[in-house]
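Chemist: I'd like to ask some things about the structure below.
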Amino acid sequence: MWLSDGRELTGSYGTWKGKIFELRQTAPLADGTLILERAGGDSPGPEWVTQAGAHSFGRPPVAHIRFVPADEVKDIHAVSAEGIFGSRCRVFVLAEDGKGNLAVEASAANLVSDKKRLLSQYGFEVRPGDPVERTSVLGWLPVELVHDFKSEVVWPKDDDLRRIPCS
């Protein structure tokens, strides 16, 4: 997904027929295809399959997918979009709702006190199956509460995990 200013958010992307699409995965399936995804809105065309209800936190309830030959997809990359909540709580930015809010995930690596603050003050939810001490919390924050935002491309095959700011 993208911010309203055009920067890519946390996820995987590739270029197919001159347009950038989200990818379900960066490695080809057994049949040599990759899955392009367009979240929300109307279907881009009859070749796309619409999936209702198959979404993750922060994403629209409808997604449109298309299987394409992997060798037709170029510039495959993963993006990490993150910012800071409060003085030290790193959050991954997953989506924007168009109303001034960001869907974010505070990872298990954050202090329990920061995650508990997000739970109690902002209505975050614990990732199912684990106690807050060992898992991430997910929720929506007003954009003005997330500072030091950066969106970086991480090339999956790059051994040194070089990070390149997204423009």
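The values are calculated or read from the model by the stated rules, or taken from the named source; none is laboratory data. Remember, it's a predicted structure, so these values are computed and weren't measured experimentally. Here Cβ is always computed from backbone atoms with ideal geometry, including for glycine, and neighbour counts include all displayed protein chains. Surface areas here come from the heavy atoms of the whole protein model, side chains and all, with no ligands, DNA or RNA. Shrake-Rupley method; radii C 1.70, N 1.55, O 1.52, S 1.80 Å.
Chemist: Between residues in region 100-112 that are free of Cβ contacts under 8 Å to residues at least 40 places away in the same chain and residues that are surrounded by 12 or more Cβ atoms within 10 Å (Cβ to Cβ) and of a type in the set (Lys, Arg), which pairs lie under 8 Å by C-beta distance while being six or more apart or on different chains?
Modeler: 106/90; 106/115; 107/90; 109/90; 110/90
Chemist: Can you report the number of residues in region 50-90 which are within 22 Å of residue 28 (Cβ to Cβ) and aliphatic (A, V, I, L, M)?
Modeler: Here the count works out to 9.
Chemist: Which ones in region 27-43 are small (Gly, Ala, Ser), under 15 Å from residue 59 (Cβ atoms) and either open to solvent by 20 Å² or more (accessible area, probe 1.4 Å) or touching a Cys at 6+ places or on another chain (Cβ under 9 Å) (or both)? First the steps, then the outcome.
Modeler: Step one: of region 27-43, the residues small (Gly, Ala, Ser) are 27, 30, 32, 39-41, 43.
Imposing the further condition that a residue be under 15 Å from residue 59 (Cβ atoms) reduces the set to 39-41.
Result: 39, 41.
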